[in-house]
Amino acid sequence: MMKGIYLLLISVNKKITVKVGALGTAIFDKGLYVYVGSAQRSLHKRIARHFKRDKRKFWHIDYLLSNDAAEILKVYVKEADKKEECRIAEKINATGIPIKGFGACDCECRSHLFKIGNLSFLRYLQVKELSQ
Ligand SMILES: [Zn+2]
C-alpha cells in the first residue's frame, strides 16, 4: 500500500464562492489550482475519495471539490513522509497564489492550495503523474 504526498491539479471553470467549513467563505477565480496533500495510510484510497462529489465534507478540499465548477484534471504523487507535504507547499508558494489557510490547519504553511498560471512547478518537484 503506497503512502505519500499527492498533488491535485484542479480546474475551476468559472468564478465561484464556496463556504469552506471553518475557514469561511472563499472566492475562487476561474483558473488552475494545485492542492498538496498527504495520505500516510492509503494514497490511492484517498485520491479516489477526492473524485467522489457526494461525501461528508471533512477537509477544506472537500468543499471545493463538491462544487460542480471544480474538476480534478490530473493527480501527481510522490512517495515521501508527511514533512515533504509542507516542503512542497512552500515551493509552490514561491510561484503560486496561496488561498490563505486552506488545508493548512495543522502546520505553519500559508496554504496547501494555490492558484497557478502554468505547470512550471512540475519542473522542480520530483512527482510523477498518476494515470487514472
Ligand atoms: Zn503545511
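None of the figures in this text is laboratory data; all of them are computed from the coordinates on show. Quantities reported herein were computed from a predicted structural model and do not represent experimental measurements. Using ideal geometry, Cβ is built from the backbone for each residue, glycine included, and neighbour counts are taken over all protein chains shown.
Screening the stretch 61-102 for residues that are in a helix (DSSP H, G or I) and among the hydrophobic types (A, V, I, L, M, F, W, C) and picking the one that is surrounded by the fewest Cβ atoms within 10 Å (Cβ to Cβ) gives C86. Residue pairs whose Cβ atoms lie under 9 Å apart, sitting 6 or more positions apart in sequence or on different chains, and linking a residue in the stretch 6-32 that is on the phi > 0 side of the Ramachandran plot and surrounded by fewer than 16 Cβ atoms within 10 Å (Cβ to Cβ) to a partner that is small (G, A, S) and assigned to a strand (DSSP E or B), are G31/S11. Per this entry, K74 is counted among residues that are charged (D, E, K, R), closer than 16 Å to L9 by Cβ, touching a residue at least 60 places away in the same chain (Cβ under 8 Å) and more than 16 Å from the ligand (Cβ to nearest atom). Filtering the stretch 103-124 to residues that are more than 10 Å from the ligand (Cβ to nearest atom), surrounded by fewer than 19 Cβ atoms within 10 Å (Cβ to Cβ) and either within 19 Å of H50 (Cα to Cα) or of a type outside the set (S, T, N, Q) (or both) leaves K115, I116, G117, L119, L122, R123, Y124.
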